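What follows is a short report on a single structure.
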């Protein structure tokens, strides 16, 4: 055990190799987010019609890089850190093949830099999706491939660590739920990266002239096998982090291990079918195929998310009620640690991911409804709800938690940190809602000028569309500032935060809010036995408040779903 | 114990599940099945469905068909680029091609008449986005998509390109007229 450090606050054991790798991956992630955020400002200020900042070539260059840095590099670097944390740290096990893990990190870093260089050289403004036959410079694809290979190595280091932990019996019984969720993410990641290799390797060869032709329709099908599945890695990863943060901040435990694990299992079986969402209005693909795949086989993966939507906040409610916050339906929520950014970011993320990200995703992924949404700015509205608020805000909250625990630095600007999740979540919600509105009015995504300057013909969007895009622009700028606040706090704390004595417990004063007592496992070798489940709810419901919230979600879902069918029925008949 | 520790009950899969979760799973599953049912239902009873008729083609072949229609049915030209305005008879095959950076030609249709619209691209991916009706279709080079379209509102409609297609993407704009 010489290579382990015991965190005095959480009882977590950090393997030295794993700890270093978690740190470098987290730092690379945060740097990617910094770049992505700066680019976001350029994109937002150009799409804000009254500002229209950048010229067209720079706009498309910024947009390409923003997508790749935010959606791939920030998130996947962070996810590799989570995989190492969920395996080595949570299972108290040495990391498998640390040299391979470093090689993986190096490949990811080289790949990320290479692709960014290709984009900023100006010859690869092809958007993240790089649909053939539009061609980028070869090193654009090469960078992505290197990054993917590095991430794949990370996944196998994770699997190897699980094997070691099992063989060396570092834990008893089954792996923790968070690790189970991470396994889900890693399995989906392997599938994702395989799709990426199948399509990007030939595309690289095509870009240097070894292959003459790549079928553009096939490219879209397989590319989205990577493109959407990579977002499913995010879902599995951030839902795992929700469970983790619920445990860390409230001492919550899963309402039912069986139900939560079953829901993760549904992700493995059905989430990958989602590539179909992107080709619903493509030629040459049958409706039967679209309906089966787009519904993830009868929406069984949506069912999984609906289950997590109940069980994560439900577990929080049960934990809060056990502490005595039992008045009415929502005292548990009112008295939750809203001043703790790890908690608040997680809860905001759950709400926005569910109410906006989830509902819009299912609605626009419906075969026929996609006709009125495909490639409008409604689409980025949807994935900002899932990825920018769902995944990114969750990871931001976890980062706030990791600064003292992992990096052993006291957080600077604690007041700003308290407000940051509300600022980011709120402004992103403004951006999302107004982009949804503009998309419903037909405003295109990935489009430099809604006035169509230089076009031979003319078309005018309604005044309302301009107003909505303007308000979305304001939301985006505030969100960038809130993202900047996150970077200021994290980078500032790493550089200038007071160094914490490695053996001292400081989390008792984590932003002045004590962590749940359930998280202090002073004797980590002996796993504490669970107390018998007590009934705290009413009418036999453990978490009645959460059930009400879930029913509100369901009603919003049903209403919004049928509103969109109604809207669809008003457009020109097609058959 | 908490989600980041191994389950307290080693035989966790035999623990009973609470009523609340079972109820929610049942409700959610029913809703998922309703949503699944809606798509086939709309194919039978709804009026907005894609025909799924499509052919592999080449830019040259598709271009010839477009030109044949233009030669036969052009009624006038517009703008200094002399963009042909084509008014094919109701019920006929009509064509629109996307290329860097225009939709070609302009179509003039009759309200409440059905046409077989063929779409393809000469070069890269384009997005056929009929505005303000808001019908959006992916147009892919090498593939010819056919759909039966029945304009039920008269007026002047824009065809925005909503799939990024390079530096002139924002200037790619077409038009469809619908006459009473």
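Yes or no, residue by residue, for (1) closer than 18 Å to residue A:312 by Cβ; (2) touching a helix residue (DSSP H, G or I) at 6+ places or on another chain (Cβ under 7 Å); (3) within 13 Å of chain B (Cβ to nearest Cβ):
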position: A:338; (1), (2), (3): yes, yes, no
position: A:344; (1), (2), (3): yes, yes, no
position: A:351; (1), (2), (3): yes, no, no
position: A:356; (1), (2), (3): yes, yes, no
position: A:370; (1), (2), (3): no, yes, yes
position: A:375; (1), (2), (3): no, no, yes
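Among the numbered conditions (1) outside any loop (DSSP other than H, G, I, E, B); (2) in contact with a helix residue (DSSP H, G or I) (Cβ under 6 Å, 6 or more places away or on another chain); (3) surrounded by 24 or more Cβ atoms within 10 Å (Cβ to Cβ); (4) facing chain B (nearest Cβ under 9 Å), tell me where residue A:247 comes up short. (2) is the only condition that residue A:247 fails.
Just to be sure before I move on: is residue A:22 in a helix (DSSP H, G or I) and over 29 Å from residue B:164 (Cβ atoms) in the structure I sent? Yes: the conditions hold for residue A:22. Identify all residues within the range B:25-75 that are assigned to a helix (DSSP H, G or I) and touching a strand residue (DSSP E or B) at 6+ places or on another chain (Cβ under 6 Å); write none if there are none. If the condition is that a residue be assigned to a helix (DSSP H, G or I) and touching a strand residue (DSSP E or B) at 6+ places or on another chain (Cβ under 6 Å), then B:62, B:65, B:66, B:69, B:70, B:73 are the ones that fit. Quick check on residue A:193: is it closer than 25 Å to residue A:105 by Cβ and surrounded by 21 or more Cβ atoms within 10 Å (Cβ to Cβ)? Yes, satisfied. In a residue-by-residue description of the range A:227-247, the property of being in contact with a strand residue (DSSP E or B) (Cβ under 6 Å, 6 or more places away or on another chain) and over 20 Å from residue B:21 (Cα atoms) applies to no position. Test residue A:379 against the criterion of being part of a helix (DSSP H, G or I), closer than 24 Å to residue A:273 by Cα and modelled with pLDDT of 95 or more, and give yes or no. Answer is yes for this residue.
The helices (runs of 4 or more DSSP H) falling completely within the range A:55-174 that include 3 or more residues that are surrounded by fewer than 24 Cβ atoms within 10 Å (Cβ to Cβ) and over 25 Å from the mean Cα position of the chain (by Cα) map to A:56-67, A:98-120, A:138-167.
Cβ separations smaller than 7 Å between residues 6+ apart or across chains give the following pairs from the range A:447-459 residues that are at positive phi to residues that are in a loop (DSSP other than H, G, I, E, B) and surrounded by fewer than 19 Cβ atoms within 10 Å (Cβ to Cβ): A:452/A:458. Quick check on the range A:265-283. Is at least one of its residues under 21 Å from residue A:425 (Cα atoms) and either assigned to a helix (DSSP H, G or I) or at the interface with chain B (Cβ under 9 Å from one of its Cβ atoms) (or both)? No; the residues of the range A:265-283 include none that is under 21 Å from residue A:425 (Cα atoms) and either assigned to a helix (DSSP H, G or I) or at the interface with chain B (Cβ under 9 Å from one of its Cβ atoms) (or both). Is there a residue being within 20 Å of residue B:48 (Cα to Cα) and in contact (Cβ under 8 Å) with a residue 60 or more places away in the chain anywhere in the range B:61-74? Scanning the range B:61-74 turns up no residue that is within 20 Å of residue B:48 (Cα to Cα) and in contact (Cβ under 8 Å) with a residue 60 or more places away in the chain. Just checking, which of B:89, B:40 is free of Cβ contacts under 8 Å to residues at least 24 places away in the same chain, surrounded by fewer than 16 Cβ atoms within 10 Å (Cβ to Cβ), more than 10 Å from every other protein chain (Cβ to nearest Cβ) and touching a helix residue (DSSP H, G or I) at 6+ places or on another chain (Cβ under 8 Å)? From the options B:89, B:40, the qualifying one is B:89. With respect to the conditions (1) surrounded by 15 or more Cβ atoms within 10 Å (Cβ to Cβ); (2) within 10 Å of another protein chain (Cβ to nearest Cβ); (3) more than 30 Å from residue A:365 (Cβ to Cβ), residue B:129 lacks only one, and its number is (3). Which residue is nearest to residue B:19 (Cα to Cα), if the candidates are limited to the range A:540-555 and must be more than 9 Å from every other protein chain (Cβ to nearest Cβ) and either modelled with pLDDT under 90 or in contact with a helix residue (DSSP H, G or I) (Cβ under 6 Å, 6 or more places away or on another chain) (or both)? This residue is A:545. Of the strands (runs of 3 or more DSSP E) lying entirely inside the range B:94-180, those carrying at least 1 residues that are under 13 Å from the mean Cα position of the chain (by Cα) and either in contact (Cβ under 8 Å) with a residue 24 or more places away in the chain or closer than 27 Å to residue A:59 by Cβ (or both) are B:115-121, B:126-131, B:135-139, B:143-149, B:155-161. Only one entry in A:443, A:389 is over 25 Å from the mean Cα position of the chain (by Cα) and buried (at least 24 other Cβ atoms within 10 Å of the Cβ), namely A:443. Residues in the range B:132-179 that are farther than 30 Å from residue A:213 by Cβ, out of contact with any strand residue (DSSP E or B) (no Cβ under 8 Å at 6 or more places or on another chain) and more than 7 Å from chain A (Cβ to nearest Cβ): 0 in all.
The values are calculated or read from the model by the stated rules, or taken from the named source; none is laboratory data. Note that the structure is predicted; figures quoted are calculated from it, not measured. Heads up, the Cβs are rebuilt from the backbone with ideal geometry, glycines too, and the neighbour counts pull from every protein chain shown.
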